[in-house]
Amino acid sequence: MGARQVGKTWLMEEFARREFPKDHVLVNFMRKRSLCEQLKNGDIDPASLVRLLQTATGKLIIPGKTLLILDEIQECPSALTALKFFQEDMPQLAVMAAGSLLGLSFGANKDEDGQTKREERRESFPVGKIDRLNVYPLTLSEFMRANGKEAMVNAIEAGDWKSVEALSGEYEMLLKNYMVVGGMPEPVNCWVETSSLAEARRIQRRMLLDYDDDFKKHAPIDLLPKIRLLWNNIPSQLAKENGKFIYSALKSGARAREYEVAVEWLRDAGMVYKLYRACPPRLPLPHYADLGAFKLFMHDVGLLGAMSHLEPSVVLDGNSLFTNFKGSLTEQFAMQELVADGIVSYYWTPDAGISEVDFVVQGSRAVYPVEVKSATNTKAKSLKVYMDAYNPPFAVKSSLKNYSGAGSVRSVPLYALGLLLGRMIG
């Protein structure tokens, strides 16, 4: 599962090439729409489905030997439902499936009031019968590896801080390039092959147009204007002083009730991440979520820059890349790293006052505050307010300063955040 163009098909094909090099069958339901109609109107027991797919592809599908790949499965709800029967009746057949917008294609559609439309009830997701893997844009460490910098990643993982500090300028340049290129596979591949930020940005702009086409194709007609407005408004919302999502900033008089279904549509599509406020920040964090206060992030920092019309040349201009949009690019980067690492995260503000901590993350035994700062500016008055109020085991400040793993406030370079934070909080 994952957003459009995040690399799901490539991953399945690469796995097949390595593990089933001579015996895999790929069915793309986007290209074989007639199959969907046959499945919809016929039997979907495994034996019947295998016969149908063999006829459609001209290839044998042998349980225990063949890997069956079902791509763009959101186009064929009956095929996803059939996975349940494969698991129950033909478990010896290896089956992989991938799809975008799965949260939208399966389960009932909703209107702008959040009500289920009777005429549009859809087939159910086979919960408990399949293993699910969420695919995200490349993290910074994956981007570094794609650029042939495996040794630099290994140095951070090994805690070789003497070497890391000696190469801090190169790490920072890789981070800056990542902030422009992002982690979507096509722009990353373009950057690796051409070293052209401008060409990577051109691809990102085309991807944004593709996403708009997806909105028109998949979104309910009555929600389409709200989805577009929300999506296009994310950069300006993140650039606000506190970043909290304000519905009235979308449109004069706009209220949460009118737009909350559109927000969830984008979340189900894997295109936005929702960071709730937590107060007080105690274990377990989800129990203390303030569902009325949240920030919205895009799924990729490169696409955020493209939507914001950020010129790629800014990467050459000192540290201005990190301070543009009041640090929103830095927070977007940190959010992506936390999501990809599976870290439960919220943000914190007190019930009264103006303090704010960018992230509070749930560890195995405590909640830890995490502040991300642009460049080497690490003054964090809000962090002190938090520390005095809740006395966590330690806090993390992430900036371009060097690593320091001792004391009540620990410094983690931005380029090491995704590799270290999960280990630090246990």
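The values are calculated or read from the model by the stated rules, or taken from the named source; none is laboratory data. Remember, it's a predicted structure, so these values are computed and weren't measured experimentally. Cβ: placed from backbone, ideal geometry, glycine included. Neighbour counts: every protein chain shown.
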Condition met for LYS226 (of a type outside the set (Asp, Glu), touching a helix residue (DSSP H, G or I) at 6+ places or on another chain (Cβ under 6 Å), surrounded by 15 or more Cβ atoms within 10 Å (Cβ to Cβ) and touching a residue at least 12 places away in the same chain (Cβ under 8 Å)): yes
Residues within the stretch 383-409 that are assigned to a strand (DSSP E or B), closer than 17 Å to SER168 by Cβ and not hydroxyl-bearing (Ser, Thr, Tyr), tallied: 1
Pairs where the first residue, in the stretch 59-71, is more than 30 Å from LEU101 (Cβ to Cβ) and of a type in the set (Val, Ile, Thr) and the second is assigned to a loop (DSSP other than H, G, I, E, B) and modelled with pLDDT under 95, C-beta under 7 Å, 6+ apart: none
Answer from THR330, THR323 - the residue that is modelled with pLDDT of 90 or more and of a type in the set (Ser, Thr, Tyr): THR330
Top-ranked residue in the stretch 19-77 [being among the hydroxyl-bearing types (Ser, Thr, Tyr) and in a helix (DSSP H, G or I); ranked as surrounded by the fewest Cβ atoms within 10 Å (Cβ to Cβ)]: SER34
Qualifying residue in the stretch 384-401 (condition: closer than 16 Å to SER345 by Cβ and among the small types (Gly, Ala, Ser)): yes
Selection from the stretch 129-143 of residues that are of a type outside the set (Val, Ile, Thr), buried (at least 18 other Cβ atoms within 10 Å of the Cβ) and in a loop (DSSP other than H, G, I, E, B): TYR136, PRO137, LEU138
Number of positions in the stretch 391-408 that are at negative phi and out of contact with any strand residue (DSSP E or B) (no Cβ under 9 Å at 6 or more places or on another chain): 1
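In the stretch 356-369, how many residues are under 15 Å from LYS397 (Cβ atoms) and not in a strand (DSSP E or B)?
Start the filter on the stretch 356-369 by keeping residues that are under 15 Å from LYS397 (Cβ atoms), which leaves 356-361, 368-369.
This time we only want the ones that are not in a strand (DSSP E or B), so: 356.
The total comes to 1.
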Residue list for the stretch 345-356, restricted to those being modelled with pLDDT under 95 and hydrophobic (A, V, I, L, M, F, W, C): ALA352, ILE354
First in the stretch 8-23 and touching a residue at least 24 places away in the same chain (Cβ under 8 Å), second anywhere and of a type in the set (Val, Ile, Thr), Cβ under 6 Å, 6 or more apart: LYS8/VAL135; MET12/ILE69; ASP23/THR66
Options GLU193, GLU241: the member that is surrounded by fewer than 16 Cβ atoms within 10 Å (Cβ to Cβ) and closer than 30 Å to PHE359 by Cβ: GLU241
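Could you name every one of the helices (runs of 4 or more DSSP H) located completely within the stretch 174-250 that has at least 3 residues being outside the structural domain of LEU296 (by TED's automatic domain parsing) and more than 22 Å from ALA340 (Cα to Cα)? Steps first, please.
Values: elements: 185-194, 197-218, 224-238.
Counting at least 3 such residues, we get no helices (runs of 4 or more DSSP H) at all.
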Pairs with Cβ under 6 Å, 6+ apart, first in the stretch 331-344 and in contact (Cβ under 8 Å) with a residue 40 or more places away in the chain, second of a type in the set (A, V, I, L, M) and surrounded by fewer than 21 Cβ atoms within 10 Å (Cβ to Cβ): VAL344/LEU285
Among (1) in contact (Cβ under 8 Å) with a residue 24 or more places away in the chain; (2) more than 23 Å from GLY305 (Cα to Cα), the one test that SER252 misses: (1)
The stretch 84-94: number of residues that are crowded, with 20+ Cβ neighbours inside 10 Å and not aromatic (Phe, Trp, Tyr): 0
Criterion violated by ASN233 - all others in (1) over 29 Å from GLU14 (Cβ atoms); (2) over 24 Å from the mean Cα position of the chain (by Cα) satisfied: (2)
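Is it the case that some residue within the stretch 163-182 is among the polar types (S, T, N, Q) and within 14 Å of LEU303 (Cα to Cα)?
To start, the set of residues in the stretch 163-182 that are among the polar types (S, T, N, Q) comprises 163, 168, 177.
Going one step further and asking which of them are within 14 Å of LEU303 (Cα to Cα), we end up with 177.
Yes, the conditions are met somewhere in the stretch 163-182.
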